[in-house]
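Worksheet for the structure shown next.
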Amino acid sequence: MTRLPQVVIIGGGFAGLSAARALKNVACEVTIIDRHNHHVFQPLLYQVASAGLSPGDIASPIRWILRKQARLRVLLGTVERIDTAARQVWMDGHDAVSYDYLIVAAGATHSYFGHDEWSAAAPGLKTLDDALEIRGRLLMAFEAAEREHDPARQRRLLTFVIIGGGPTGVEMAGALAEIAGHALRSEFDAIDPASSRILLIEAGPTILPAFPEGLRASAKRALVRLGVEVREGAAVTHVEAGAVALGSERIEAHTILWAAGVAAAPVGRDLGPGLDRAGRVSVDADLSVPGHPGVFVAGDLANFVHQTGKPLPGVAQVAKQQGAHAARNIARLLRGEATRPFRYLDPGNMATIGRGNAIADFGFLRVSGFMGWLLWLFVHILFLIGFRNRLSVLLQWAAAYLTQQRSVRLITRNPGS
């Protein structure tokens with residue numbers, strides 16, 4: 001019996017799943033490796049962190065997603081290293097998986113710009129575990145403030161700092177302002193959650209730098225209306241438990257969230273030396289890795305500069321398109337054809353700023369306010385995986401819009417433990 005080519009995909013995110021699906025009708029055997037057994041719709045992670053959705057609403061088991069695909073297996077494990085000379089991927093437990101072709105789509109993790117010691121005081125948002133940790137911290141802050149008699153300590157408990165003014169930071173700030181101003185407003189006796197101080201801090205000159213100026217201004221006005229203090233051009237110089245420093249200014253805050261930077265997954269180091277400052281792998285125009293035949297990189301781990309001279313943004317659409325393109329190039333190689341260069345087709349950018357308000361930039365169309373929010377709802381529901389998830393999220397959002405409530409305000413563990 002003829003041995004089929006072995007294709008290994010590292011990562012079950014947007015890039016990995018798109019690659020696996022693109023290989024469905026290709027004469028090869030596919031192995032997909034991920035350290036989690038589920039795929040997460042990352043654009044809605046902040047909704048879990050802000051008690052708007054349950055984890056199961058935005059995640060699905062990888063095996064279930066790919067259950068109908070023949071010649072495919074899923075392995076649960078953490079990739080520790082890639083041996084390109086032996087064409088093997090080594091996982092925890094010292095298990096090795098051999099490959100003929102490899103797609104590395106391991107994604108990215110948090111970057112604290114050389115200050116990893118800040119991570120304990122300022123968790124980031126990349127996984128479901130992160131989202132549940134943050135949800136617990138947010139809700140526990142209000143609970144602790146209800147029991148606190150000292151006014152200064154109470155103010156600190158009701159101060160929230162979000163570091164990073166990209167889409168994640170903006171959406172998190174808007175959601176937190178809605179929790180404090182509406183969902184919890186009549187549920188406490190000793191405190192007024194609406195009096196909470198919420199700060200969004202951005203080191204660059206503006207929040208949402210990827211959006212046009214008019215949409216950025218619209219988003220900022222919406223945040224201010226919700227009661228968020230937007231600090232632009234303010235670089236964080238120190239973070240510790242209970243405080244953030246902006247140069248000589250010290251802000252006492254019980255809850256600090258990090259949304260300022262990302263770093264490529266460590267496994268990319270095995271594909272060097274062509275790495276950028278964030279640890280991303282420099283790829284050729286066809287997404288292959290120079291010096292490593294048969295190896296392709298897609299998604300947040302890829303430093304692709306061939307289209308605009310700058311790296312493409314780390315968003316879901318880039319990952320999906322690159323994953324599928326890498327798989328199609330492998331299919332071309334299996335047919336004896338030449339690979340083709342990748343070209344990103346930008347479908348636009350979107351960000352929501354609370355209930356009934358969002359901005360959307362599709363190039364030919366720029367929308368803000370309620371219409372932008374309706375478009376944001378439609379697009380996110382459309383791209384969720386599984387009919388059950390789409391229906392559940394639609395019902396949850398409809399209820400939240402009508403009642404101004406957050407349906408999953410559950411503290412299931414001691415945050416930080």
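The values are calculated or read from the model by the stated rules, or taken from the named source; none is laboratory data. The structure presented is a predicted model; accordingly, all values stated were derived computationally and were not measured. Cβ placement follows ideal geometry from the backbone for every residue including glycine, while neighbour counts extend to all protein chains displayed. Only protein heavy atoms, including side chains, enter the accessible area calculation; ligands, DNA and RNA are left aside. Shrake-Rupley method; radii C 1.70, N 1.55, O 1.52, S 1.80 Å.
Miscellaneous remarks
- Here the Kirkwood formula, the inverse mean of 1/r across different C-alpha pairs, assigns the chain a hydrodynamic radius of 22.5 Å.
- The chain: calculated mean residue ellipticity at 222 nm from DSSP helix runs of at least 4, using -39500 (n - 2.57): -9000 deg cm²/dmol
- The distance between label points at His115 and Arg269 comes to 2.3 nm (points 7 Å beyond Cα on the Cα→Cβ vector).
- The radius of gyration of the Cα set in segment 8-156, together with its Dmax, comes out at 19.8, 68 angstrom.
- Potential lengthening between Ile381 and Asp192 on full extension [0.36 nm per residue; Cα-Cα distance subtracted]: 64.7 nm
- Under conditions of 4 °C and 1.567 mPa s, segment 1-77 yields 97 µm² s⁻¹ as its translational diffusion coefficient, taking Rh as the Kirkwood radius over Cα pairs in the Stokes-Einstein equation.
- For segment 246-334, radius of gyration divided by Kirkwood radius, i.e. Rg to Rh on alpha-carbons: 1.14
- The alpha carbons of segment 145-300 stretch over 65, 35, 32 Å along the principal axes, in descending order.
- Cut-off under 5 Å, modelled amide H: who pairs with Val262 long-range: Ser111
- Here the chain is scanned for GluC sites (Glu not before Pro) in DSSP loops (not H, G, I, E, B) that have at most 14 other Cβ atoms within 10 Å, and the longest stretch holding none of them is 1-186.
- Extents of segment 127-194, taken as max minus min of Cα coordinates on every principal axis and listed largest first, are 35, 22, 20 Å.
- Amide H contacts of Arg81 (H built 1.01 Å from N, in plane; Pro and chain starts excluded): Trp90 sit under 5 Å, all sequence-distant by 5 or more or on other chains.
- With the simple model of a label 7 Å out from the Cα in the direction of the Cβ, Arg35 to His149 spans 4.5 nm.
- Helix 128-147 vs. the chain, principal-axis angle (Cα, 0 to 90°, nearest 10): 10
- Protein heavy-atom surface of the chain, 1.4 angstrom probe: 53% of the accessible area is carbon and sulfur, with nucleic acids and ligands not counted.
- Distance between segment 324-361 and segment 272-318 - C-alpha centres, whole angstrom: 13
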